[in-house]
Amino acid sequence: MTMDDTIYDASLDIGIAVKQTTPELSTTKSKKKKRKRKRSSGSGIDKPGGDDEAKALFHDEDHPGGEIPRKKSWEEHGPKSASPSSQHPEDVGKQHVTISMPPLAGMFVKERSNLPVYRHRKELCHLIANNDVVLVVAETGSGKSTQIPAYISESSLLKKAATLSAKSTPTPSSTTTKTTTKSKTPHQKYGLTISVTQPRRVAAITLAKRVSDELGCLPGTLVGHRVRFDDTTDLRGTITKIIYATDGMLLREAMVDPLLRRYGVVVLDEAHERSLQTDVLFGVVKRAMCARRRDEKNDDGCRWVNGEMDGVAMDTAPSLEKDVEIINKMRQEAVNLGIPPLRVVVMSATLDVETFQRFFPGSATVKIPGRQFPVQEVYTEEVQEDYLDAALKTAIQIHKYTDDGDVLIFLPGQDEIEDLASLLKTHLEELEPDNTPSTQQGVTKDIVQNIKGIGTSVHSGNTMIVNGVLICVLYAALPPDAQMVAFRPKPEGCSRKIILSTNIAETSVTLDGIKYVVDCGKHKSREYSSSTGMESLKLSNISKAQAAQRMGRAGRVSEGICLRLYPEIAFDSLEETTIPEILRVNLAHVVLQLKAMGIHDPRCFSFLTPPDPDNIVKSFELLSALGAVDESLELTAYGKEMSKLPLDPVFAHLLLQSEKFECVSEMLTVVGMLSAENIFFRPGRSGEDSGGLASVGAAAHRRFASHEGDLPSLLNVYNAWKKEAIYLQPGKSKKLEKKKLSSGKMLHGDWCKQNFISGRALVRAHDVRSQLSELASRSVERNGLGMNVDSSCAAEMTTFFKCISGGLSLQVASRVPTPEQQQGSRLSKAGKSGFIPSRGQYKTRLGGNFVSVHPTSFMFGRNPPPKCVVYTELLQTSKLYIRGVTQIREEWIDEGR
Ligand SMILES: Nc1ncnc2c1ncn2[C@@H]1O[C@H](COP(=O)(O)OP(=O)(O)OP(=O)(O)O)[C@@H](O)[C@H]1O
């Protein structure tokens, strides 16, 4: 079959209906114009005068000439809103602070002043200075994330607030706190920094870089980023004034400093995402804000902290009182230290304003109209059962029939991305060669070089150049360096970039050159069942808010087109917003964090959407079983240690246990390797013909396989890599590399290729290990754990297994005897439960689930299967699997505890 036959099969035709350019937000529009859909030629992506095949796929009946409609203003389309300078009734009578603003400076003055938010910068700063909370709703690409923090920093807002606060601070004699002094102006060190939180690390990193460029400073000086295992801000906290951080990182900071005293403004960006950490952060920031309020009129802490007080069940009332007590202490400390009030800005293009207004009573809301460039919305005529195939066709058509513009395709997960990358490669190879193919090989090599020793990229179907088209992938499990390839300009010789991404690129980011967004309408999300205690990844439809965000990745640097691989009627039936993650996931980690922040009873915590109380109870059960909380549910000393580690409580426990068994070094490796997904590269994973590579790969992996299972096998991979390969951090000298090569070691990339190991995943595991090691070895005084990270059990592996048995004692499964083994027990073949056990089936101790060993485990198919195993993950797909399986002896469980 030729490529065209495959791509333009009439039965898989993708017709479109085009919607008006949308200055309004999809989630807020009320009236929908119903359009007749009849086919016509000339769409936004049809090349004028292009051939009929292309016309059959894309139509634009509203704009037959492919003309991009005029931008309409917010006032014409948007919901009724307050003007940027509107004042909340509660503000009336309040003393207003006047803010001064210098003109824009730096390299990007023109670009910055063209952005829709620019006209409102003074009003925005004024509102922020005079309100505890400001909700900002403005279109994608209008300048919220890059500009608003910069405006605050450029204005006199923070300094003024700090000075005012210092002036009104009581003298030492009127307070009980020793640290309060009136010499010089010591209080002004508080509240001078801006924190901007992002749900995803890639957004935090790229935004910090962009804003550094715009303000004309080096990244990591005035502007920096802080994400897990990567912090470019100055550690003394005096230079960096704008910190783009993941919400998880600000949460960790709040555990040490619940008043968030360093910050004058906290900007909670992309608030519509409702990720677990963001939701917790809303409550944590509200608490800090409440404790730092100076306004006598609203001095009732509990109203702010526990807005739901009236509706709280009786048994939590004493807890509430305790929490109010804690807040009052925080408040006293804030007053004594002269910490200025904390201002909070909540931002999104698709914000559910009412929910936030309820949560932050008295907040000011500002809606800013307009987007920089228009984006057309395009739908398919029919439902596309095979969205991968539809995405492939759409990408090939864009490439074939349009002159320029990069393409961003949203897919649910890594597997789909890798599959589409390899399909695209095949189909692009069949196209007529590009006019500028001469440098193809050279450029591919450069890209691979650029991503620093990530040797398997080309072979694993990741970054590649085919026929002048650069294909990049973007998903969370990629190491940061590899993720950044998608953000770089195309190398010379490439006519187009096609990025395949999960929802990691859905919000906040600007990917240079993107003109076309292709949205499959699906995503993978975590779901938790509090009855089984199990979490699974489910494929589901995105919400309208997500669709709007995906569309918003176009129209940022030029006009754009968003092609949705589903009909408009399917879009209409999508949920308005995403179900908050807090209602869908295991909360053990969150409960531990809240306890570490001094929140007495997480059930009384002020959640934007309160989670299922059963889920909180289950989390306490788990924490109690791990020894993190005592009988009265107070955090134990051990729980405090656990909370310092940025790990799931089970893995934190595993690592902490290793000290007792003197195998900290081994367990750091295991936890690091577990945090990097897909260490083993398995060609032919999705059933495609791998030309015999699948068996070569499996043979290569066997050299690392431990008879005892997956965790020791991961340890073997890491140890072999350390021994046999050279990996130099980016920027390290080539001389050193040569010197090491002469010692007979292999280059990292070559070693990974030879052993069918994902170089990227291994580097990530190594980075995580290093960071954990630093944290574990740091002294307790410096908020570390003071562990001896060099302690190693070396060849004494029994110790290692005992540690694993104790560490994972809540994740034990016992082999279920087969009917033959049960002979004589007089049980019917199906047993009493109707379950027919087959060889290698297990039952989990906790929850009593029947599970099978996952086919990717080294323990899969072991004959005879071990009697007792521990596992690191329960996975629900077609059936229930365990992964990360390691053989243990039952008696080790208690020994290890
Ligand atoms: N890395 C970049 N390269 C080029 N232009 C950029 C970059 N980052 C931002 N911009 C420009 O700045 C504009 C504003 O970006 P910003 O991220 O502040 O928008 P936003 O309103 O926060 O969007 P979103 O709601 O999607 O997060 C973009 O539309 C784009 O024109």
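Worth a mention:
- In this structure the amide hydrogen of Phe360, modeled in the peptide plane, comes within under 5 Å of no amide hydrogen from residues 5 or more places off or on another chain.
- When you filter the GluC sites (Glu not before Pro) in the stretch 347-400 for DSSP loop state and at most 11 other Cβ atoms inside 10 Å of their Cβ, you are left with Glu385.
- Sorted peptide list for 97-103, 562-568, 808-814, 614-620, criterion being average Cβ within 10 angstrom, highest first: 562-568, 808-814, 614-620, 97-103
- Compared with the direct C-alpha span, the chain from Glu724 to Lys122 gains 210.8 nm at full extension, assuming 0.36 nm per residue.
- By average C-beta atoms within 10 angstrom, highest first, the peptides 391-401, 262-272: 262-272, 391-401
- Accessible area per residue, Å², the stretch 849-893 with all protein chains present, probe 1.4 Å: 45
- Accessible area of the stretch 750-792 divided out per residue, in Å², using a probe of 1.4 angstrom: 41
- Interchain or long-range residues, amide H under 5 Å from Gln841's placed H: Val816
- Of the peptides 699-710, 776-787, the order by per-residue mean of other Cβ atoms within 10 Å, starting with the highest, comes out as 699-710, 776-787.
- Cα-Cα over 31 Å, subset of Lys110/Lys286; Lys322/Lys367; Lys522/Lys843; Lys189/Lys595; Lys538/Lys618; Lys544/Lys640: Lys110/Lys286; Lys322/Lys367; Lys522/Lys843; Lys544/Lys640
- Projecting the Cα atoms of Val617, Val629, Pro646 onto the dipole axis of the stretch 614-704, where Lys and Arg carry +1 and Asp and Glu carry -1 at the beta carbon, places Pro646 farthest toward the positive end.
- Relative to the current alpha-carbon distance between Asn783 and Ser558, full extension at 0.36 nm per residue lengthens the span by 76.3 nm.
- In Hz, Karplus ³J(HN,Hα) per residue of the stretch 276-286 (6.51, -1.76, 1.60; θ = phi - 60°; x = Gly, Pro): 4, 5, 5, 5, 5, 4, 3, x, 5, 5, 4
- ³J(HN,Hα), Karplus 6.51/-1.76/1.60, whole Hz, each residue of the stretch 498-507, x for Gly, Pro: 10, 10, 10, 9, 7, 6, 4, 9, 6, 10
- Pairwise FRET efficiency - Lys110 versus Asn541, Cβ, R0 = 51 Å, nearest 0.05: 0.80
- Per-pair calculated FRET efficiency, R0 = 60 Å: Leu218 and Lys322 via Cβ, rounded to 0.05: 0.80
- Around the amide H of Cys472, modelled in the peptide plane, lie the amide H atoms of Ile498, Ile499, Leu500, all under 5 Å away and 5 or more residues distant in sequence or on another chain.
- Length gained on full extension, Ala705 to Ser156, computed as 0.36 nm times the residue gap minus the Cα-Cα distance: 191.5 nm.
- Phi to ³J(HN,Hα) by Karplus 6.51 cos²θ - 1.76 cosθ + 1.60 over the stretch 566-580, Hz, x for Gly, Pro: 7, x, 4, 5, 5, 4, 4, 8, 5, 4, 5, 10, 6, 5, x
- Per residue, in Å², the accessible surface of the stretch 541-687 once ligands and nucleic acids are set aside, probe 1.4 Å: 33
- With the simple spin-label model, which puts each label point 7 Å out from Cα in the Cβ direction, the Glu774 to Glu634 separation comes to 3.5 nm.
The values are calculated or read from the model by the stated rules, or taken from the named source; none is laboratory data. Bear in mind the structure is a predicted one, so any value in this text is a computation, not a measurement. Glycine gets a Cβ as well: all are built from the backbone with ideal geometry, and neighbour counts include every protein chain shown. Accessible surface is based on the protein model in full, side chains and every heavy atom, while ligands, DNA and RNA are left aside. Shrake-Rupley method; radii C 1.70, N 1.55, O 1.52, S 1.80 Å.
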